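For reference, the structure is listed below as structure tokens.
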Amino acid sequence: MKKRILFVTGTRADFGKLKPLINSVKYSNDFEYQIFVTGMHTLSKYGRTLTEIEKSGFENTFIFLNQIENDNMEIVLANTIIGLSRYLHENPVDLIVVHGDRVEALAGASVGALQNILVAHIEGGEVSGTIDEIIRHSVSKLSHIHFVANENAKKRLLQLGEDKSAIFNIGSPDIDIMLSDDLPSLSQVKRHYDIKFDDYSIALLHPVTTENQEIAFNNAKIFAQALLESGRNYVVIYPNNDSGSNHIFRAYELFQKNSKFKIFPSLRFEYFLTLLKNSRFIIGNSSCGIHEAPVYGIPTINLGTRQNRRFKHTSIADIPFENNLILKTIAEHGNKRFPICHHYGYGKSAEHFLNTLSNNVWNISNQKQFIELYQNPYV
Ligand code: UDP
């Protein structure tokens, strides 16, 4: 019998990484896939990106609205757990695949662990700032199988007491798409989104949930003001819906009716990548500046604490929210180009994922054991 695999997606951020993996099982004779679509994908304010999933040609999708605007993250978590639990009673599966560090992944892993369904976590073992850090490690502890993006991540999972034989380094699956020959051309993308700039940069700022509200609004204002003063053209992408995003929306009112700013809720992943590849630099605190921009040698100006302790590379300038420093870094760092970086893989993740699913995972026990790294004097 074919093994049934459920992928849980809550945002564009995880879908870009899950997409190559879903495609790999879609074309395999050994597996059946289903997709539980929820979170930001369902919200019109954030571009209702569930249409991207439909356009990708996937079937077997189930759409679950886990929130309305301004629901707290814990309410979204609770709603997702309830929705997914009910879904699984009607549609049993053999494996749940979640990605990263959002509440939807935490819900997927919790329901899987509690229902004795194997859970695979994509890109665990990374470090960062904000609540993402805590969610990511919690998801790893609830998961039975780990598909990490690099050896450092694997070592961190070993520190968490995870079993070496259940950790597979497949690289970051978005690199598969980044390095594919099928990305749209720049002219196609500019036409599609009506972007007229020849020379532009990308701005993508998210809230930091662990920061106090006053600092958050102040940082958002400093960010918007500095972009304005830099006199450059920007493709600005909305923040995610984490607590505090309202401050960023308020700060962006500064860009209204300014032809140097073209603002979008969200762009289709492949189209976004082409824009990134041809941009001057990316600024803000998106994981894209750490994960993806270095793959194209594009400079990143990374602000504040959201990506704290993530991978460092010469293309990434880490700076605080200070007007003068932002302007100086834009002028100096923003004009450079860097050697291509393969820290997160070489674009073969989907192939490794499928090989692992075909050969290695089905005898992994749902009874996890904590693996001691040190001799424990009490046992
Ligand atoms: N992304 C996208 N379209 C956009 C902006 C971003 O597909 O308009 C992708 C981006 O390439 C990255 C992912 O979304 O892979 C995550 O970026 P985001 O800044 O939304 O979230 P983060 O990972 O920082 O939480």
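Descriptive notes on the structure:
- Compared with the dominant principal axis of the Cα atoms in the chain, helix 130-142 is inclined by about 20°.
- Fraction of accessible area attributable to carbon and sulfur, the chain (%, probe 1.4 Å): 49 percent
- Mean ellipticity per residue at 222 nm, deg cm²/dmol - from DSSP H runs of n ≥ 4 across the chain, formula -39500 (n - 2.57): -11500 deg cm²/dmol
- Packing order of peptides 206-214, 194-202, 104-112, highest average first: 104-112, 206-214, 194-202 (average count of other Cβ atoms within 10 Å over each peptide's residues).
- Heavy-atom accessible surface of the chain, averaged per residue, reaches 44 Å², computed with a 1.4 Å probe.
- For segment 94-216, the Cβ-based charge dipole about the Cα centre amounts to some 260 debye (Lys, Arg positive; Asp, Glu negative; other atoms uncharged).
- Segment 218-283-segment 1-77 distance, computed between alpha-carbon centres (Å): 25 Å
- Between the residues Ile68, Ser85, Leu95, the greatest Cα displacement towards the positive end of the dipole of segment 1-109, with unit charges on the Cβ of Lys, Arg, Asp and Glu, is found for Leu95.
- Debye, to nearest 20: dipole size of the chain, +1 on Lys, Arg Cβ, -1 on Asp, Glu Cβ: 640 debye
The values are calculated or read from the model by the stated rules, or taken from the named source; none is laboratory data. Bear in mind the structure is a predicted one, so any value in this text is a computation, not a measurement. Cβ atoms come from the backbone with ideal geometry, glycine included; neighbour counts cover every protein chain shown. The area values use the complete protein model at the heavy-atom level, side chains included, leaving out ligands, DNA and RNA. Shrake-Rupley method; radii C 1.70, N 1.55, O 1.52, S 1.80 Å.
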